[in-house]
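Heads up: the structure comes next, in structure tokens.
Since every read-out is calculated from the coordinates, none of them should be taken as a lab result. No experiment lies behind these values; they were computed from the predicted model shown. Don't worry about glycine lacking a Cβ; one is built from the backbone with ideal geometry, like all the others, and counts go over all protein chains shown.
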Amino acid sequence: METNESILTRSIVGLDERKVLGKMSSLRVDYDTQAVSHYIVMNASTNNAIALPFENAIAVGDAFITVQSYGSFVDANSPASKELVSDSNKLVGVEVYSRTGNTLGTVTTFDFDPVFGAIKSITLDNGSEFKSDAFLFFTPDFVFVDDGSKSAADLRQAEDNTSDAPAAAPASTPATQPAPAAQPAAPAANADGLSNEDALLVDFLIGKTLNDDVANADDTFALPKGTEITREIALDAKKHDALLLLTMSVD
């Protein structure tokens, strides 16, 4: 990247002439394309200003700008050359305004691409800098940029958007959750610590006579055939998980 000031350190060398043809003096800008259009060079032989079209430069090096020959310059006697070497179209010194019409300052320097010529940024006398994506347009009289300020149109649009926004929906009342289903009550225990179901089996067995021998799996509870079941026997059978065996062994 070069600036309108850094480029002034270069001299122009003609490859055919094998010598310095002049020294950089200033730049000219095409306001429509927002790019450098010409280098203005002080002729090394006559000390007169001559114009070099940007596209006729072979390259911009760190020491020299090279051209093929003196023929790369605009004819010094042509009206076009005289117009170019005048003080117009320098960009430096042009007033800069925002898109809302406010004065922002005056261009003091600018950066440009030495390969394609495009102006990449401008710096104002108050230190403000604007990149190329903020450029709106250039003219010899003024430059307009987008500095991010809200315009009257922007403010009206924002107001319209606010008034058109749908009203917030009322907060919905949480749906009433159904009460959990009642859980079945646990079987009540009687005085012997039996559930209602076991108590009914005990009452059923009392007074019954075994029609088979009964023994549980580990022989911790055993009764011979013909035993009459008492309450004590039934409760003992319950302790050994043998109530069902007794039930299946009586009529």
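Among the numbered criteria (1) of a type outside the set (Lys, Arg); (2) crowded, with 18+ Cβ neighbours inside 10 Å; (3) without any contact (Cβ under 8 Å) to a residue 60 or more places away in the chain, which one does Leu15 miss?
In the conditions (1) of a type outside the set (Lys, Arg); (2) crowded, with 18+ Cβ neighbours inside 10 Å; (3) without any contact (Cβ under 8 Å) to a residue 60 or more places away in the chain, Leu15 misses (2) alone.
Just to check your reading of the model, which residue among Ala118, Ala76, Ala44, Ala134 is surrounded by fewer than 17 Cβ atoms within 10 Å (Cβ to Cβ), under 23 Å from Ser151 (Cα atoms) and aliphatic (A, V, I, L, M)?
Selected residue: Ala134, the only one of Ala118, Ala76, Ala44, Ala134 that is surrounded by fewer than 17 Cβ atoms within 10 Å (Cβ to Cβ), under 23 Å from Ser151 (Cα atoms) and aliphatic (A, V, I, L, M).
Hey, can you tell me all the residues within the range 207-247 that are in contact (Cβ under 8 Å) with a residue 24 or more places away in the chain and hydroxyl-bearing (Ser, Thr, Tyr)?
Thr209, Thr230, Thr247
Of all residues in the range 79-94 being surrounded by fewer than 13 Cβ atoms within 10 Å (Cβ to Cβ) and not hydrophobic (A, V, I, L, M, F, W, C), which is nearest to Phe112 (Cα to Cα)?
Top of the filtered list is Gly93.
Go through the range 30-58 and give me each residue that's within 40 Å of the chain's Cα centre (by Cα) and not polar (S, T, N, Q).
Listed by number, the residues that qualify are Asp30, Tyr31, Asp32, Ala35, Val36.
All but one of (1) more than 29 Å from the chain's Cα centre (by Cα); (2) crowded, with 17+ Cβ neighbours inside 10 Å; (3) not aromatic (Phe, Trp, Tyr) hold for Val145, so report the exception by its number.
Only one criterion in (1) more than 29 Å from the chain's Cα centre (by Cα); (2) crowded, with 17+ Cβ neighbours inside 10 Å; (3) not aromatic (Phe, Trp, Tyr) is unmet by Val145, namely (1).
Restricting the range 59-72 to residues that are part of a loop (DSSP other than H, G, I, E, B) and within 50 Å of the chain's Cα centre (by Cα), which is farthest from Asp113 (Cα to Cα)?
Result: Gln68.
Scan the range 208-238 for residues that are loosely packed, with under 12 Cβ neighbours inside 10 Å and within 14 Å of Leu194 (Cα to Cα) and report the count.
Residues flagged as loosely packed, with under 12 Cβ neighbours inside 10 Å and within 14 Å of Leu194 (Cα to Cα) within the range 208-238 amount to 1.
Count, please, the residues in the range 205-239 that happen to be in a loop (DSSP other than H, G, I, E, B) and of a type in the set (Asp, Glu).
Of the residues in the range 205-239, 4 are in a loop (DSSP other than H, G, I, E, B) and of a type in the set (Asp, Glu).
I'm told Ser132 meets every condition in (1) under 40 Å from the mean Cα position of the chain (by Cα); (2) over 18 Å from Asn4 (Cβ atoms) except one. Can you identify the failing condition by its number?
Here Ser132 meets the rest and fails (2).
Quick check: is even one residue across the range 96-114 in contact (Cβ under 8 Å) with a residue 60 or more places away in the chain and surrounded by fewer than 16 Cβ atoms within 10 Å (Cβ to Cβ)?
Yes, the conditions are met somewhere in the range 96-114.
One residue is enough: does the range 76-96 have a residue meeting the conditions in contact with a helix residue (DSSP H, G or I) (Cβ under 8 Å, 6 or more places away or on another chain), within 30 Å of Asp133 (Cα to Cα) and not hydroxyl-bearing (Ser, Thr, Tyr)?
No, that holds for no residue.
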